[in-house]
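Notes follow the structure.
Readers should treat all values here as calculations from the given coordinates under stated rules, not as data from a laboratory. It should be emphasised that the depicted structure is a prediction, and the values quoted were computed from it without experimental measurement. We place every Cβ from the backbone using ideal geometry, glycine too, and count neighbours over all the protein chains shown.
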């Protein structure tokens with residue numbers, strides 16, 4: 001089978017949104033080439049993540065490679081993809097340099113390309129993300145392994161927004177919590193929640209492709225198979241009382257989620273958000289405070305921020 005490779009050159013802050021557009025347009029997988037991964041690799045603090053070649057990376061922006069079967073007529077899809085990417089500017093996202101390139105690629109080359117980019121990654125003190133095809137031995141007794149196939153959905157643990165979310169979960173999960181994961185993507189945050197001791201985990205995503213990918217990744221981790229995954233628009237219609245709501249999504253989507261999260265959280269419950277580009281941080285903080293949340297922690301990695309907010313206890317309201 002032949003595949004068509006569509007390359008989008010965009011900004012770091014638009015990576016998640018553009019990746020989602022490509023998946024929703026029929027791509028069977030995306031690979032992200034960010035030069036910062038090469039530059040930061042030797043000093044990331046976690047040891048060697050993967051073997052990278054600087055020649056593979058553009059000096060301007062990030063390259064997203066999306067793969068489509070040649071049975072799809074790409075000339076019909078590309079104009080709509082370009083239109084949707086351009087619409088991201090209305091959300092305040094910088095999409096430059098916003099270039100598009102199309103190549104044909106053999107299936108065996110695509111399979112090899114995947115394995116070049118993904119290797120075991122220690123993302124927190126206790127959590128290590130391991131691609132489904134790799135053998136891996138525990139490095140210490142308390143290490144928890146998350147098996148992932150990073151093919152269809154964003155969120156492999158390598159991006160700052162995902163790492164910030166995982167670090168927050170590790171910090172605040174104590175055990176036996178009920179956790180709602182909004183915009184689950186690959187399911188990595190839901191799986192991590194179970195690995196860290198959460199009792200009940202419900203994962204939601206608007207995209208059916210992400211729901212399918214999350215289910216497949218959950219099945220790779222025996223301890224996580226009781227996670228409930230559903231297609232849903234944020235938390236609309238959800239009445240489950242939660243100890244923690246976690247969301248690694250764009251700032252513009254976090255805003256309508258804030259009142260929904262406040263409603264389902266138990267008094268004292270935590271709202272963990274990531275996917276927030278630095279210049280949107282104050283907006284999200286303001287909206288959360290306006291809703292009645294107390295800000296517990298703000299973390300930053302590169303240009304990305306995460307926020308831990310708490311719903312007040314009944315006597316504090």
Classify segment 169-258 from the C-alpha gyration tensor, please: rounded if a/c falls under 1.5, else prolate or oblate depending on whether a/b exceeds b/c. oblate
For segment 221-317, percent of DSSP beta bridges that are antiparallel (nearest 5) comes out at 70
Quick check on segment 121-316: of the DSSP beta bridges with both residues there, what percent are antiparallel, nearest 5%? 40
Taking the Cα centre of each part, how many Å lie between segment 162-184 and segment 215-262? 10
Taking R0 as 30 Å, what's the FRET efficiency between residue 297 and residue 142 from their Cβ-Cβ distance, rounded to 0.05? 0.85
Length released on extending from residue 2 to residue 278, taking residue separation times 0.36 nm less the Cα-Cα span: 95.3 nm
